[in-house]
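Take a look at the structure below.
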Amino acid sequence: MPVDTAVQTYHNLINGEWVPSAGGATFESCNPARSSEVVGRFQASVEADARAAVEAAQQAFAGWRRPAPSRRAEILLQAADLLEAGLEQYAQELTAEEGKTLASSRMEVKRSAQTLRYYATEGLNVSGDTLPSDDPTVFVYTKREPLGVISVITPWNFPISIPARKIAPALATGNTVVFKPASDTPLIALRLVEALHKAGLPAGVLNFVTGSAADTAGPLLTHPAVRAVTFTGSTRAGEQIHRTVGLSTRVQLELGGKNPLLVLEDADLDHAAELAVKGGFELTGQACTGTSRVIIMDEVHDAFVAKLTEKTKALRIGDGLAPGTEIGPLANARQLETVLSYLDIGQQEGAQLVSGGRQLTDGEYGQGYYVEPAVFTGVKREMRIAREEIFGPVIAVIRVKCFKDAVRAANEVDYGLSAAICTADPDRMSYFIDHMEAGVVKVNRPTTGNSMNAPFGGMKMSSTATYRESGRAALEFYLQEKTVYHGSQPIRFCCSN
Ligand code: NAP
């Protein structure tokens, strides 16, 4: 097919230069609302590009770990201002590339700027301890140092805010970075890199390589200069990365979820249905913390399902750029195929599809990856739709007879990312908080959403159990501790008085 020259071609950033890939090939990023619309053309990088990026980061490390932390902070602050100055353009590009609504994109770009500012300040507070010593001639203290080269690999669903929450703490603590974004959303990822580059990052401190993981991930995971890999994406890819990375490389994996909302019999059912719709269908169900199970007490099941289906049917589905759209398309053809396959699986397993679940193909819908948000009832705990991550707008309603069984059901999956409860009963809130096997637990709030200054991560198959993202806790991943025993030479006085 002839190349459309009106479409802009973007490059990798390696050692401070925007360069084409060594292999010379490119790929296109397309709009999921109109799949024939090309948003941009990007480098289909190969291992040689990724290796060059790692080596540039390795070279730059000695210089970047030294500057005053306030200089590093200034660059992050300047990049935040640049992101905010371009917010409207970047939000439109994000929606055109990923499909989420423009309002969600604006919030995401804004959050990314705030994240850069947050870590600009947090980076100034990295400290160590001083420790009492039995030997009065020895001063014992700890200091925390950057690791070196960090590989950052990210998904398409939060294509600028997830990279920001990894790259900002990495840079603020004096590390250098190689960043590979998801191939579905390279443009908005590039905007973050561009802002940091324009803000004055020295050459090689942040390197950017686009292209498929199959062609680029090797050096990002196994090059001896890489001291840490921070990855957000599917549990399947996370497991592969965990097996590949060597002993001396630190790994942070933020993976999938199968997040429950428990609705008790004393819940305000209108509020509960709003929480389910927000958690389950916002971002077209493509949030790692999205509500994919509602665990409901028997006596309020029918009343709750009636409210949930009513609210679900009222959602306006369309192009994320169009005013009034509440649910955009799925992000790509793979996502559409996966969601449709789980809609089939659920029905074959015997669950009842009581709302939505049709692929939309009429008129303009036919050009994109649209599916109606779906609600299944009659879901048994052993069914695949109750246990596997679908990562789409599908809620499985599971009926239980007692509260403790609701918590048991909530914990009966391999994942443990986010969980929420809707109730007015403080005792059952406490029991839920204590017994829920999830990294994030919420009371009368949706399973989605997290605060920039609070730690974020999962339990079980949702995360590596070592380091958290977000908040001050995130800095730990990018720092190593050194213990110093600082003695003195014997003091020899020149006279005895
Ligand atoms: P994915 O297929 O795992 O891809 C994520 C990123 O990893 C992409 O950049 C991808 O590159 C790359 N990748 C894929 N396989 C890899 C491998 N074997 N080695 C190294 N890199 C690899 O996930 P996705 O479909 O983009 O994102 C959806 C998943 O992310 C869901 O499971 C969701 O729950 C999870 N997620 C988790 C969180 C969290 O904080 N826990 C947040 C958001 C999303 P390509 O360009 O080749 O695709």
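Output the number of residues of the range 87-137 satisfying the condition of being open to solvent by 60 Å² or more (accessible area, probe 1.4 Å) and under 17 Å from the mean Cα position of the chain (by Cα).
Let us first name the residues in the range 87-137 that are open to solvent by 60 Å² or more (accessible area, probe 1.4 Å), namely 88-89, 92, 103, 106-107, 110-111, 114, 117, 121, 124-125, 127, 129-132, 134-137.
Now restrict to residues that are under 17 Å from the mean Cα position of the chain (by Cα): 106-107, 110-111, 114.
Matching residues across the range 87-137 total 5.
Answer yes or no: is there a residue in the range 291-314 that is closer than 20 Å to Gly357 by Cβ, part of a strand (DSSP E or B), within 16 Å of the ligand (Cβ to nearest atom) and not polar (S, T, N, Q).
For the range 291-314, residues closer than 20 Å to Gly357 by Cβ, part of a strand (DSSP E or B), within 16 Å of the ligand (Cβ to nearest atom) and not polar (S, T, N, Q): present.
Working carefully through the options Gly204, Gly211, Gly246, find the one that is in the same structural domain as Ser45 (by TED's automatic domain parsing), small (Gly, Ala, Ser) and more than 19 Å from Val19 (Cα to Cα).
Numbers: Gly204 fails: more than 19 Å from Val19 (Cα to Cα); Gly211 fails: more than 19 Å from Val19 (Cα to Cα).
Going through Gly204, Gly211, Gly246 in turn, just one is in the same structural domain as Ser45 (by TED's automatic domain parsing), small (Gly, Ala, Ser) and more than 19 Å from Val19 (Cα to Cα): Gly246.
Return only the number of the condition from (1) more than 16 Å from the ligand (Cβ to nearest atom); (2) open to solvent by 30 Å² or more (accessible area, probe 1.4 Å); (3) not aliphatic (A, V, I, L, M) that Tyr478 does not satisfy.
Going through (1) more than 16 Å from the ligand (Cβ to nearest atom); (2) open to solvent by 30 Å² or more (accessible area, probe 1.4 Å); (3) not aliphatic (A, V, I, L, M) one by one, Tyr478 breaks only (2).
With (1) in contact with a helix residue (DSSP H, G or I) (Cβ under 7 Å, 6 or more places away or on another chain); (2) aliphatic (A, V, I, L, M); (3) within 14 Å of the ligand (Cβ to nearest atom) as the list, and Ala287 as the residue in question, which single condition is left unmet?
Going through the list (1) in contact with a helix residue (DSSP H, G or I) (Cβ under 7 Å, 6 or more places away or on another chain); (2) aliphatic (A, V, I, L, M); (3) within 14 Å of the ligand (Cβ to nearest atom), Ala287 breaks only (1).
Being surrounded by fewer than 24 Cβ atoms within 10 Å (Cβ to Cβ), under 30 Å from Tyr369 (Cα atoms) and in contact (Cβ under 8 Å) with a residue 12 or more places away in the chain narrows it down to one of Ala203, Ala213, so name that one. Explain how you work it out, then say what you get.
On the way: Ala203 fails: under 30 Å from Tyr369 (Cα atoms).
The match here is Ala213.
Search the range 28-50 for residues being touching a Gly at 6+ places or on another chain (Cβ under 8 Å) and open to solvent by 40 Å² or more (accessible area, probe 1.4 Å), and hand back the single one that is farthest from Gln367 (Cα to Cα). Step through it out loud before you land on a result.
In the first step, residues of the range 28-50 are kept if they are touching a Gly at 6+ places or on another chain (Cβ under 8 Å); the result is 28-29, 31-35, 42-50.
In the following step, the residues that additionally are open to solvent by 40 Å² or more (accessible area, probe 1.4 Å) were identified as 28, 34-35, 46-48.
Details: Glu28: 17, Arg34: 5, Ser35: 6, Val46: 31, Glu47: 34, Ala48: 36 Å.
Restricting to residues being touching a Gly at 6+ places or on another chain (Cβ under 8 Å) and open to solvent by 40 Å² or more (accessible area, probe 1.4 Å), the top hit is Ala48.
Given the residues Ala303, Ala333, which is the only one that is touching a helix residue (DSSP H, G or I) at 6+ places or on another chain (Cβ under 8 Å) and either at pLDDT 95 or above or open to solvent by less than 50 Å² (accessible area, probe 1.4 Å) (or both)?
Values: Ala333 fails: touching a helix residue (DSSP H, G or I) at 6+ places or on another chain (Cβ under 8 Å).
Answer to the check: Ala303.
Every residue in the range 455-464 that is more than 16 Å from Asn411 (Cβ to Cβ) and outside any strand (DSSP E or B), please.
Residues satisfying the conditions are Pro455, Gly457, Thr464.
Kindly indicate which of Val149, Val178 is among the hydrophobic types (A, V, I, L, M, F, W, C), under 23 Å from Glu97 (Cα atoms), in the same structural domain as Glu476 (by TED's automatic domain parsing) and crowded, with 22+ Cβ neighbours inside 10 Å. Before the answer, list the steps.
Working: Val149 fails: under 23 Å from Glu97 (Cα atoms).
None of the others qualify; the one that does is Val178.
For residues that are assigned to a loop (DSSP other than H, G, I, E, B) and closer than 16 Å to Gln286 by Cβ, tally how many sit in the range 320-350. Don't jump to the end; show me each part of the working.
As a first pass, look at the range 320-350 and keep what is assigned to a loop (DSSP other than H, G, I, E, B): 320-326, 328-332, 350.
Pick out the ones that are also closer than 16 Å to Gln286 by Cβ and you get 320, 325-326, 328-332.
Residues in the range 320-350 being assigned to a loop (DSSP other than H, G, I, E, B) and closer than 16 Å to Gln286 by Cβ: 8 in total.
The values are calculated or read from the model by the stated rules, or taken from the named source; none is laboratory data. Because the structure is predicted, anything quoted here is derived from the model rather than measured. Methodologically, a virtual Cβ is constructed for each residue, glycine included, from the backbone with ideal geometry; neighbour enumeration extends over all protein chains shown. What goes into the accessible areas is simple: the full protein's heavy atoms, side chains included, and nothing from ligands, DNA or RNA. Shrake-Rupley method; radii C 1.70, N 1.55, O 1.52, S 1.80 Å.
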